[in-house]
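Novice: This is the structure I want to talk about, given as structure tokens.
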Amino acid sequence: MKLLITGAAGFIGSNFVFYMLKEHPDYEIVAYDDLTYAGNLATLQPVLENSHFKFVKGDVADRRRVFSLFENEKFDVVVNFAAESHVDRSIEDPGVFLKTNVLGTQTLMDAARRFKVKRFHQVGTDEVYGDLPLERKDLFFTEQTPITASSPYSASKASADLLVMAYCRTYQLPVTISRCSNNYGPYQFPEKLIPLIISRAMEDKEIPVYGKGENVRDWLYVVDHCKAIDQILHNGKEGSIYNVGGHNERTNIEVVRTVLKLLGKQENLITFVKDRKGHDLRYAIDPSKISNELGWEPETSFEEGIRHTVDWYIENRKWWEDIISGDYQQYYVQMYGSN
Ligand code: NAD
Ligand code: TYD
């Protein structure tokens, strides 16, 4: 079996590469990634010498390059992680989100059709469902929840999902989609909430919390997400969408406090800042479909996962310091007004 994994130098894509090489050592994996600010080849260092692994640099929206890659490699399966993934950046500059997330997905699917791949898996997000009210704890996102995107990021991911389903219906492209809740774990870029808190707290810097910190996210340890995608690739029904989440809702302020406690840092580092524009209130996944149909269940509790994640950032300080010392510093000042 030969897999194309796009966006493999990013957070979830790299974890998925490690997971698949471990679980299926006989598979061949080609990683395709344009190494944007969010992609880091150093992350893939441990597998660069593996004879079942190959890295190719390139843009998913570059039609010529994508088509020649598919022609040369003859993939069985494509898993599309490549995306612009940060909501705050999408609010500042939506254009690149449409190019990568929508046109990039279209380009990959055109190549998948032309070269007859057996499965095109789109890595989607629960953010395509918009948000849920904070006070209605009984409501969850199911696969039937209408698409209602709030940010340019979620609108681009929703557009991609619609296009994937359209390619399935119109051209019988064998697709599946997973829509996962917020992931956390090793190798997440420190612009996202959890690694941002860890890295800033370790340097005794202020932790910016949007609004009152009351917004709720449903956190899943990244390896559980990788396992869900593996199960969908092997047993998922063509043309199906699967929500992925582990019923682990937390307010942002709870998450911040948990991380500060694990690091032994004081809560006076918390700074409430201006709220995000259009800030989604609550995300909460109903994972019954993937659980009933494929037997998927999350294996890592939040307590265990967050402890492991904090330890990883402590032990791998160079990985995130190298990132923070680059262009990211400029981004932080632009977004938050100070260092
Ligand atoms: P990430 O930003 O860490 O990684 C994205 C990767 O895509 C980077 O390596 C980047 O270099 C690459 N990339 C960007 N534009 C590209 C292009 N034009 N061509 C080729 N490669 C390009 O993102 P992530 O958090 O790992 O998310 C991966 C996927 O999972 C995304 O599709 C995202 O929407 C989805 N997702 C993420 C979460 C989450 O909590 N992080 C939750 C649900 C779904
Ligand atoms: P984020 O990690 O950007 O994921 P998403 O917006 O895709 O859910 O943010 C998670 C939550 O944390 C979200 O409610 C916004 C909030 N947040 C802050 O309060 N401060 C920050 O500096 C960041 C980056 C996020």
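Quick note: the coordinates plus some simple rules give every number you see, no bench work behind them. Here the structure is a predicted model, which is why all the values come from computation and not from measurement. FYI the Cβ positions are ideal-geometry reconstructions off the backbone, even for glycines, and counts take in every protein chain you see.
Novice: Look through the range 225-247, keep the residues that are touching a residue at least 60 places away in the same chain (Cβ under 8 Å) and in a loop (DSSP other than H, G, I, E, B), and return whichever of them is farthest from HIS121 (Cα to Cα). Talk me through it step by step, then tell me what you get.
Specialist: First, pick out the residues of the range 225-247 that are touching a residue at least 60 places away in the same chain (Cβ under 8 Å): 225-233, 236-246.
Among the residues that remain, those that are also in a loop (DSSP other than H, G, I, E, B) are: 236-239, 245-246.
Details: GLY236: 10, LYS237: 11, GLU238: 10, GLY239: 10, GLY245: 18, GLY246: 21 Å.
Across the range 225-247, the extreme among qualifying residues is GLY246.
Novice: Taking the range 261-278, which residues are away from ligand 1 (no atom under 16 Å from the Cβ), in a loop (DSSP other than H, G, I, E, B) and farther than 26 Å from GLU303 by Cα?
Specialist: Just the residues of the range 261-278 that are away from ligand 1 (no atom under 16 Å from the Cβ), to begin with: 261-275, 277-278.
Subsequent filtering for residues that are in a loop (DSSP other than H, G, I, E, B) retains 264-266, 274-275, 277-278.
Of everything in the range 261-278, those that are away from ligand 1 (no atom under 16 Å from the Cβ), in a loop (DSSP other than H, G, I, E, B) and farther than 26 Å from GLU303 by Cα turn out to be LYS274, ASP275, LYS277, GLY278.
Novice: Spot the failing condition for ARG63; the list is (1) under 21 Å from the mean Cα position of the chain (by Cα); (2) under 27 Å from VAL96 (Cβ atoms); (3) of a type in the set (Lys, Arg), and only one is missed.
Specialist: Every condition holds for ARG63 apart from (1).
Novice: Determine which single condition ALA83 fails, assuming it passes every other condition in (1) more than 17 Å from VAL164 (Cβ to Cβ); (2) within 16 Å of ligand 2 (Cβ to nearest atom).
Specialist: (1)
Novice: Shifting gears a bit: Do we find a residue being more than 15 Å from ligand 1 (Cβ to nearest atom), over 21 Å from VAL128 (Cβ atoms), out of contact with any Lys or Arg (no Cβ under 8 Å at 6 or more places or on another chain) and of a type in the set (A, V, I, L, M) anywhere in the range 184-194?
Specialist: Step one: filter the range 184-194 for residues more than 15 Å from ligand 1 (Cβ to nearest atom), giving none.
Checked the range 184-194: no residue is more than 15 Å from ligand 1 (Cβ to nearest atom), over 21 Å from VAL128 (Cβ atoms), out of contact with any Lys or Arg (no Cβ under 8 Å at 6 or more places or on another chain) and of a type in the set (A, V, I, L, M).
Results for (1) more than 14 Å from ligand 1 (Cβ to nearest atom); (2) buried (at least 24 other Cβ atoms within 10 Å of the Cβ); (3) of a type in the set (A, V, I, L, M, F, W, C), shown as yes or no for each residue.
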| site | (1), (2), (3) |
| --- | --- |
| TYR129 | no, yes, no |
| PRO146 | yes, no, no |
| LEU162 | yes, no, yes |
| THR170 | yes, no, no |
| SER181 | no, yes, no |
| ILE197 | yes, yes, yes |
| ASP204 | yes, no, no |
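Novice: Is it the case that some residue within the range 60-76 is within 16 Å of ligand 2 (Cβ to nearest atom) and in contact (Cβ under 8 Å) with a residue 60 or more places away in the chain? Write out each step before concluding.
Specialist: Quick first cut of the range 60-76, residues within 16 Å of ligand 2 (Cβ to nearest atom) only: none.
Looking for residues that are within 16 Å of ligand 2 (Cβ to nearest atom) and in contact (Cβ under 8 Å) with a residue 60 or more places away in the chain, one finds none in the range 60-76, hence no.
Novice: Regarding LEU269, is this residue over 18 Å from GLY124 (Cα atoms) and away from ligand 2 (no atom under 13 Å from the Cβ)?
Specialist: On the way: over 18 Å from GLY124 (Cα atoms): yes; away from ligand 2 (no atom under 13 Å from the Cβ): no.
Criteria not met by LEU269.
Novice: Could you run through the range 192-224 and say how many residues are assigned to a strand (DSSP E or B), under 27 Å from PHE140 (Cα atoms), near ligand 2 (Cβ under 7 Å from one of its atoms) and not β-branched (Val, Ile, Thr)?
Specialist: Step one: of the range 192-224, the residues assigned to a strand (DSSP E or B) are 207-210, 216-218, 220-221.
Retained after the next criterion (residues that are under 27 Å from PHE140 (Cα atoms)): 209-210, 216-218, 220-221.
After this cut, where a residue has to be near ligand 2 (Cβ under 7 Å from one of its atoms) as well, the list is 209-210, 217.
With the extra rule that they be not β-branched (Val, Ile, Thr), the set shrinks to 210, 217.
Looking only at that region, the number is 2.
Novice: Quick test for you: out of PRO174, PRO186, PRO146, pick the one residue that is more than 27 Å from GLU304 (Cβ to Cβ), touching a residue at least 40 places away in the same chain (Cβ under 8 Å) and in contact with a helix residue (DSSP H, G or I) (Cβ under 8 Å, 6 or more places away or on another chain). Walk me through how you get there before you give the answer.
Specialist: Numbers: PRO186 fails: more than 27 Å from GLU304 (Cβ to Cβ); PRO146 fails: touching a residue at least 40 places away in the same chain (Cβ under 8 Å).
PRO174 is the lone residue from the list that is more than 27 Å from GLU304 (Cβ to Cβ), touching a residue at least 40 places away in the same chain (Cβ under 8 Å) and in contact with a helix residue (DSSP H, G or I) (Cβ under 8 Å, 6 or more places away or on another chain).
Novice: Let me ask you something else. Of all the residues that make up the range 5-46, how many are part of a helix (DSSP H, G or I), farther than 22 Å from PRO190 by Cα and of a type in the set (A, V, I, L, M, F, W, C)?
Specialist: Here the count works out to 2.
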